[in-house]
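Following: one structure in structure tokens, then a few remarks.
The values are calculated or read from the model by the stated rules, or taken from the named source; none is laboratory data. The model shown is predicted, which means the values in this text are computed figures rather than measured ones. Cβ atoms come from the backbone with ideal geometry, glycine included; neighbour counts cover every protein chain shown. Only protein heavy atoms, including side chains, enter the accessible area calculation; ligands, DNA and RNA are left aside. Shrake-Rupley method; radii C 1.70, N 1.55, O 1.52, S 1.80 Å.
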Amino acid sequence: MSRRRRALLLGGLALVLGGLAAFNVAGREAALERRVGGLVGIVVAHEPIAAGTRVRERALAIRRVPARFAPRGTTGDPQAFVGQRAAVDIPAGSDLTAGLVAGPGARAGAPPSGPAVRPGERVAELVALASPQLVTAGSHVDVLVTPEPRSDGPGEAILALEDVEVIAATPLAAVDAPAGKDAPGPRIAASLRVTLRQAVYLAAVQDFARELRLLPRTAGDRGRGRAGLRMAPDVP
């Protein structure tokens, strides 16, 4: 084989392999985007915001992150926070959520609305399917988790927590709800009174669960003992 022909063959092979590599990379990128979602904007504190001060637009910025990793209870609209008072000190770079601000009519120095958090308790923030009319501050709910279904089996729902007190609840518009959630229905950003262990659990499932639901309880219903109950679609 002549040197010229060998060079042409090697050049053609390089083009084919380069095209296959580019196709493989593009396929991997598309698969990754399907898994974590496209980029979405979230509001963050561009500078420190002291507790009790009103949030100014210049103190805010937008950060873009994959939809799957967008914090629950936040939005990409800075106007949702402008004019409200910071309920706590908010460091620069923090993601803003409904639980970090009070209403625009709150007095400077006033404590955040809702019950005080007692020693050993934590406040867990999440976005979940729930009725804005029934799930309100002071109500109690059960937390239902729907994990991502395994490829070799049907999906299921898990009763994760029972009789959890709602400290704050804010209805979300459809445009503010996290991307990638297919179940229909209204969503709320909720702050729940939980233990440390429960707070860590809720933080984990929000990254990996397909959906969270808050099931409202009737007033005075404090029954427990069914946490961990699992139900698959084929169970009557």
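Surface calculation, 1.4 Å probe, protein heavy atoms: residue 47 sits at approximately 60 Å² accessible.
Along the stretch 39-49 the Karplus relation, 6.51 cos²θ - 1.76 cosθ + 1.60 evaluated at θ = phi - 60°, assigns HN-Hα couplings of 6, 10, x, 10, 7, 10, 7, 6, 9, x, 10 Hz to successive residues, with x for each Gly and Pro.
With every protein chain in place and a 1.4 angstrom probe, the accessible-area ranking of 75, 218, 170, largest first, reads 218, 170, 75. Positive contributions from Lys and Arg (+1) and negative ones from Asp and Glu (-1), summed over other residues with Cβ under 12 Å from the Cβ of residue 168, come out at -1. The stretch between residue 156 and residue 131 holds 6.8 nm of extra length on full extension. This uses 0.36 nm per residue minus the Cα-Cα distance.
Going by a ≥ b ≥ c, the root eigenvalues of the Cα gyration tensor, does the stretch 192-236 fall in the rounded group (a/c under 1.5), the prolate group (a/b larger than b/c) or the oblate group?
oblate
Taking all protein chains together, 95, 77 sort by accessible area into 77, 95, largest first [probe 1.4 Å].
Charged neighbours of residue 142, selected by a Cβ distance under 15 Å, balance to +2 (K, R count +1; D, E count -1). The residues packed around residue 94, meaning those with a beta-carbon under 13 Å from its beta-carbon, carry a net charge of -3 if Lys and Arg are +1 and Asp and Glu are -1.
Close amide H partners of residue 211, meaning residues 5 or more places away or on another chain with modelled amide H under 5 Å apart, are 146.
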